[in-house]
Amino acid sequence: MELNTIERDDLGAAAEDLVVPPAATRKVFVKTYGCQMNVYDSQRMTDALAIDGYAATDAIGEADLVLLNTCHIREKAAEKVYSELGRVRELKAERAKAGREMLVGVAGCVAQAEGAEIIRRSPAVDLVIGPQTYHRLPAVLAKARSGEKIVETDYAVEDKFEHLPQPKRAELIRRGVTAFLTVQEGCDKFCTFCVVPYTRGSEVSRPVAQIVAEAERLADAGVREVTLLGQNVNAWHGRGEDSEEWGLGRLLFRLAEIPGLARLRYTTSHPRDMDDELIAAHRDLPALMPYLHLPVQSGSDRILRAMNRRHMAKDYLTLIDRIRAARNDIALSGDFIVGFPGETEADFEATMQLVEDVNYASAFSFKYSPRPGTPGAEMNDQVPEAVKDERLQRLQALLLKQQQHFGASLVGRTIDTLVEKPGRQAGQKVGRSPWLQPVIVDEKAGEIGDIIQVRITKTGYNSLFAELA
Ligand code: SAH
Ligand code: SF4
Ligand code: F3S
């Protein structure tokens, strides 16, 4: 267990001179970086802090606590956090001059990876808390309020999910008709480029009963669409209500029985964990949306091996064929890394070829970013930045073409849309297509939470425009 106390810096006045507001009027500003799991975690931390007397605010200037929930996946993500901390430091000094305390906390994957280093580099930070200890946040804060600097990054023995408070129903209603639900966390796969196994720890699946209870609470608050989250979500497994060992496919069938839950999704999957039952769920379960994010990273066998992905390009293509045979209107999405150490022009061409073969509806692509502590960072043959830039441009041009082609193929078709929220422009509402595109409709087309049938009239950059069918 790592629990460091570090001298307070000389920023502003000492803690005891500052006015600590009474519990009921404290405010917390949370900023979230990175993946959907961080979005979910920020909500759970906000829930824990609500019980501790902190109301959420969107105005950082009025916050008694600023919490950055960080991402470490690529260098840029981590650097953003440090530059934000520079701005927060100034705000904190201003607040101190006005006689009010502002505590600064860093949570998430940078917190886990860098620990006390964050406080050394950014002395304005009062507390650092890793993803596996969020249920201890109120206790950590109590110490921080008394002037101690806290680093809490051990892997807790207790189940954090059991100890994190559930939000009030009114809060769930406020959050809207779509929701995330973490079912699995951590990763044992150790791809050679990736920090996640180090920042999130080893693979843990939440028990069936906990997941069902949380999904029921969401449905009871009007949530229509739930996205199950995990770093390796399709590796989820657990003992079911029938005492059998369930995989994700079986869990999806169970969740689809919950009244009100009309749509299910899951992300992110690893190709090696797509089992027959899960593929069958895509065929047999109407609530499971026909959209699958299945990262492959590269189309070159040599690079896949160096990445420790533990499958070949051909395995991925065969898997895609099986998934499409089960559900022919499924839209596929993926992640790609260009410029992994040793990637030659021929390796990159193999990735381009794989993209041509699969034909993605959307995808994310990144330049390889060496991460401290991962095997990839130590490899010879790092690819020059200019080469990475050039390859990324070519790949993104192809992926964009495919994405636009997919959008255009929907024009004239009648599809289901979940009405999600008011539009940015007056008179509009925004819905969500089965394939995760925003669908712009007239505000009278339906109430938020309705699933309506619309006809697609045209495409926008990333969205669809539609009229009631
Ligand atoms: N668990 C998921 C991915 C999690 S990270 C999976 O196994 O697919 C999300 C994406 O970030 C990855 O799919 C990868 O494309 C990208 N990524 C991860 N580490 C990276 C790195 N060091 N440099 C560039 N991109 C990276
Ligand atoms: Fe990272 Fe690989 Fe695990 Fe995905 S499977 S989280 S890319 S180590
Ligand atoms: Fe980033 Fe951690 Fe998610 S590194 S992508 S916030 S799991």
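Filter the stretch 210-255 down to residues that are away from ligand 1 (no atom under 16 Å from the Cβ), farther than 16 Å from Ile279 by Cβ and either part of a loop (DSSP other than H, G, I, E, B) or small (Gly, Ala, Ser) (or both), then give me how many there are.
Selection size over the stretch 210-255: 13.
How about the stretch 268-304: which of its residues are closer than 22 Å to Pro434 by Cα, more than 14 Å from ligand 2 (Cβ to nearest atom) and touching a residue at least 40 places away in the same chain (Cβ under 8 Å)?
Correct list: Leu278, Ile279, Ala280, His282, Arg283, Met289, Pro290, Tyr291, Leu292.
Taking only pairs six or more apart or across chains, which ones have beta-carbon atoms under 7 Å, a first residue in the stretch 230-249 that is touching a residue at least 24 places away in the same chain (Cβ under 8 Å), and a second residue that is in a loop (DSSP other than H, G, I, E, B) and among the aliphatic types (A, V, I, L, M)?
The qualifying pairs are Gly230/Val183; Val233/Val183; Asn234/Met274; Trp236/Val183.
Might you let me know whether the stretch 151-166 holds any residue that is within 16 Å of ligand 1 (Cβ to nearest atom), in contact (Cβ under 8 Å) with a residue 40 or more places away in the chain, outside any helix (DSSP H, G or I) and closer than 30 Å to Met307 by Cβ?
No; the residues of the stretch 151-166 include none that is within 16 Å of ligand 1 (Cβ to nearest atom), in contact (Cβ under 8 Å) with a residue 40 or more places away in the chain, outside any helix (DSSP H, G or I) and closer than 30 Å to Met307 by Cβ.
Select from the stretch 186-220 the residues that are within 16 Å of ligand 3 (Cβ to nearest atom) and of a type in the set (Val, Ile, Thr) and write down the one among them that is nearest to Pro341 (Cα to Cα).
Thr192
Could you count how many residues in the stretch 190-211 are at positive phi and open to solvent by less than 30 Å² (accessible area, probe 1.4 Å)? Give the steps one after another, and end with the answer.
First, pick out the residues of the stretch 190-211 that are at positive phi: 190, 201.
Those still in the list that are open to solvent by less than 30 Å² (accessible area, probe 1.4 Å) too: 201.
So the count comes out to 1.
Hey, can you tell me all the residues within the stretch 68-78 that are surrounded by fewer than 23 Cβ atoms within 10 Å (Cβ to Cβ) and more than 11 Å from ligand 3 (Cβ to nearest atom)?
Those that are surrounded by fewer than 23 Cβ atoms within 10 Å (Cβ to Cβ) and more than 11 Å from ligand 3 (Cβ to nearest atom): Glu75, Lys76.
When only residues in the stretch 349-372 that are at pLDDT 95 or above, surrounded by fewer than 18 Cβ atoms within 10 Å (Cβ to Cβ) and within 16 Å of ligand 3 (Cβ to nearest atom) count, which is nearest to Asn308 (Cα to Cα)?
Pro370
Out of Val81, Val128, Val88, Val104, which single residue is within 19 Å of the chain's Cα centre (by Cα) and either open to solvent by less than 10 Å² (accessible area, probe 1.4 Å) or in contact (Cβ under 8 Å) with a residue 12 or more places away in the chain (or both)?
Going through Val81, Val128, Val88, Val104 in turn, just one is within 19 Å of the chain's Cα centre (by Cα) and either open to solvent by less than 10 Å² (accessible area, probe 1.4 Å) or in contact (Cβ under 8 Å) with a residue 12 or more places away in the chain (or both): Val81.
Just checking, does the stretch 242-260 include any residue being within 16 Å of ligand 2 (Cβ to nearest atom) and open to solvent by 10 Å² or more (accessible area, probe 1.4 Å)?
No; the residues of the stretch 242-260 include none that is within 16 Å of ligand 2 (Cβ to nearest atom) and open to solvent by 10 Å² or more (accessible area, probe 1.4 Å).
Can you tell which of Leu278, Leu304 is in contact with a Gly (Cβ under 6 Å, 6 or more places away or on another chain), open to solvent by less than 10 Å² (accessible area, probe 1.4 Å) and within 16 Å of ligand 1 (Cβ to nearest atom)? Spell out how you get there, then give the answer.
On the way: Leu304 fails: in contact with a Gly (Cβ under 6 Å, 6 or more places away or on another chain).
The conditions single out Leu278.
Among the residues of the stretch 24-36, is there at least one that is modelled with pLDDT of 95 or more, closer than 21 Å to Pro167 by Cα and open to solvent by less than 10 Å² (accessible area, probe 1.4 Å)?
Yes; the residues of the stretch 24-36 include at least one that is modelled with pLDDT of 95 or more, closer than 21 Å to Pro167 by Cα and open to solvent by less than 10 Å² (accessible area, probe 1.4 Å).
Going by the structure shown, is Arg136 open to solvent by 10 Å² or more (accessible area, probe 1.4 Å), within 19 Å of Gly53 (Cβ to Cβ) and more than 16 Å from ligand 2 (Cβ to nearest atom)?
For Arg136, the condition - open to solvent by 10 Å² or more (accessible area, probe 1.4 Å), within 19 Å of Gly53 (Cβ to Cβ) and more than 16 Å from ligand 2 (Cβ to nearest atom) - is met.
The values are calculated or read from the model by the stated rules, or taken from the named source; none is laboratory data. Keep in mind that this is a model prediction, so the values were computed, not measured. Note: ideal-geometry Cβ built from the backbone for every residue, glycine included; neighbour counts use all protein chains shown. Each accessible area value is taken on the protein alone, full model and side chains, heavy atoms only, with ligands, DNA and RNA left out. Shrake-Rupley method; radii C 1.70, N 1.55, O 1.52, S 1.80 Å.
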